[in-house]
Structures are given as C-alpha cells and as structure tokens.
Amino acid sequence: MLLDVPGVETTPATVHPLDGSDRPTSSGGLRDSIYRIAAIARHNVIIRRRDPGQMISYVAMPMILMLVLKPIYIRVVSGGDVQVVTGLLVMFSVFAIAIAGNSILVERHWMTWDRLRQSRSSAAEMLLGKTIPIFVLMVLQQAILVVYGCLVIGIPMPHSILLVALAIVVWAFSLLAVGAALSTVARSLGELGVISDVGAMVLSSMGGALVPLSIMPGWARAAAHASPGYYALRMLKAAINGDTSGVLAPAAVLFALGVVAGTYAVWRLARGWGRTRLL
C-alpha cells in the first residue's frame with residue numbers, strides 16, 4: 001500500500017464488533033468483583049452528593065403534606081394518622097424511581113456508558129455499582145419519614161423495628177429494580193420523568209395511598225390488587241402494627257416484582273440495549 005514503510009511490518013487495525021462480543025470478560029473472582037462494584041458506586045456517590053436536591057424534595061414534601069392532611073384523614077378514617085404517614089411515604093418513594101433510572105440514563109446521555117461496558121465489569125456489576133448508593137438513599141428516605149411520623153405526626157411506635165426495617169428494605173429493592181429496568185427502556189430523561197411521575201400517581205393512588213380503599217368505588221378496590229403501592233401500603237401498616245404475617249405476604253409479592261424487574265434490567269444491559277446510539 002502507499003502508506004506502507006519498507007522493512008516495517010504492519011498489522012491490520014482491530015475491528016470491534018457492535019454486539020460487544022469481544023468485551024473483556026470478568027476475572028479475578030469475588031474480591032475483584034467487589035472492587036469493581038465499589039469503584040462504580042463511589043463514582044455514583046460523588047454524583048449524588050453534588051446534586052442532592054431531588055431526594056431532599058422527596059423527604060421535605062411528604063413531611064409538609066403529612067402535617068396539612070393529618071386532620072382530614074383522622075376525621076375520615078379510623079387510624080388516619082397511620083394512613084397519612086404510610087400513604088405519603090409510599091407515594092413519594094415511588095417518585096424516587098426517577099432517581100434510580102437517572103443514575104443509569106445520564107451515563108448513556110453523557111456517552112460514558114459505552115466506555116464502562118468496555119471495562120471488565122459485567123452487566124450485573126455495573127448495575128449494582130450504579131444502584132447501591134440509590135438503594136441506601138431510598139432506605140434513608142423511608143426511615144426518616146417513619147421516624148418523623150412517630151415523633152411529629154403521632155403514629156404509635158412500631159412493635160417491631162425489624163419488621164419495619166424488612167418492609168422498608170423490600171419496598172426500596174422493588175422500586176430500585178423497576179427504576180433500573182425503566183432506564184434501559186426510556187430514551188430520554190424527559191421520557192423517564194413522565195413514566196415515573198405518572199406511574200407514581202397512578203400506582204400510589206390506585207393502591208390506596210392518597211384515598212383509603214374503604215371509601216373508593218368498587219372497581220377501584222378491585223383494581224388496587226394490581227398496584228405495587230397496594231402491597232407496599234399493606235406491608236408498611238402491618239409492620240407498624242407488629243403483624244408478621246401481614247408483612248410477609250405482600251413482601252413476597254414485592255420481592256418477586258423486584259427480582260423480575262432486576263433480571264430484565266441485567267438482561268437488557270448485557271445484550272447492549274443500553275448503548276448510547278440507541279437513544
């Protein structure tokens with residue numbers, strides 16, 4: 001060829017297939033896997049610390065609404081104080097799905113997700129690294145609202161802290177998995193915002209978070225069983241009342257939902273559906 005230099009061997013340029021089949025494989029065992037997850041998680045913690053406004057609003061807004069709506073709920077239903085705390089907790093924790101989805105979607109928009117895919121991190125490791133800090137934030141959000149409900153709103157102290165912790169962890173895991181799955185489907189931050197905001201209002205209201213199921217029409221009470229918010233509300237109320245069987249049944253449903261959504265998210269990412277060019 002014209003650019004060949006006499007006496008110098010040339011090698012053809014490496015061609016990387018678009019399906020990512022030549023991506024470096026994970027190696028080094030569990031210790032290296034934990035190291036890769038921790039490195040990605042530290043990066044995500046830095047991003048969250050620089051932009052905490054969204055999560056602060058999801059803590060402050062339900063606190064204000066609990067104070068305003070408490071007298072109305074107490075007059076309308078028995079146990080209105082527990083209803084207003086758990087209902088608003090469920091609704092604003094569903095809003096936090098957007099934070100989980102944004103943690104992955106912004107990487108795709110910044111065109112850094114494709115670079116991350118070329119590292120030795122597997123799809124599961126990348127997903128864990130991106131979502132573990134968000135999971136901690138979700139757990140803190142719900143825990144703060146429960147404590148606020150006990151100290152300010154006046155709900156009874158939970159009979160079992162372990163049951164409340166279990167309910168919070170399961171609900172946060174379910175929401176996190178759904179948010180991760182949505183981030184592999186949505187093509188823009190605006191699209192993700194519409195899905196999460198409208199979904200939060202529909203799922204929480206249909207589940208009885210805004211209006212108690214006892215005063216909702218018959219068709220709405222029947223449709224409530226299709227809403228994750230319904231099971232989250234039942235689980236949290238049972239946890240506050242110390243009802244173990246009332247916690248375990250809805251927790252199993254929400255855990256199964258989280259496993260399905262998380263598996264779908266890993267499947268999409270492992271097959272390259274998170275590529276920037278697909279936005």
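Couple of notes before you dig in:
- Selection from the range 138-171 of residues that are within 13 Å of LEU248 (Cα to Cα) and either among the aliphatic types (A, V, I, L, M) or part of a loop (DSSP other than H, G, I, E, B) (or both): LEU162, LEU163, VAL164, ALA165, LEU166, ALA167, ILE168, VAL169, VAL170
- Unique residue being of a type in the set (A, V, I, L, M, F, W, C), part of a helix (DSSP H, G or I) and more than 15 Å from the chain's Cα centre (by Cα) when the list is VAL253, VAL266, VAL259, VAL211: VAL253
- Residue pairs whose Cβ atoms lie under 6 Å apart, sitting 6 or more positions apart in sequence or on different chains, and linking a residue in the range 186-205 that is closer than 17 Å to LEU105 by Cβ to a partner that is among the basic types (Lys, Arg), do not occur here.
- Tally, over the range 48-72, of residues that are assigned to a helix (DSSP H, G or I) and free of Cβ contacts under 8 Å to residues at least 60 places away in the same chain: 14
- Of all residues in the range 224-263 being farther than 16 Å from LEU203 by Cβ and charged (D, E, K, R), the one that is surrounded by the fewest Cβ atoms within 10 Å (Cβ to Cβ): ASP243
- Residues in the range 148-185 that are over 15 Å from ALA100 (Cβ atoms), in contact (Cβ under 8 Å) with a residue 40 or more places away in the chain and surrounded by fewer than 17 Cβ atoms within 10 Å (Cβ to Cβ): VAL152, GLY154, PRO156, HIS159, SER160.
FYI, it's all coordinate maths here, none of it is from the lab. None of these values were measured; they are calculated from a predicted model. For neighbour counting, all protein chains shown are included, and Cβ atoms are generated from backbone atoms with ideal geometry for every residue, glycine included.
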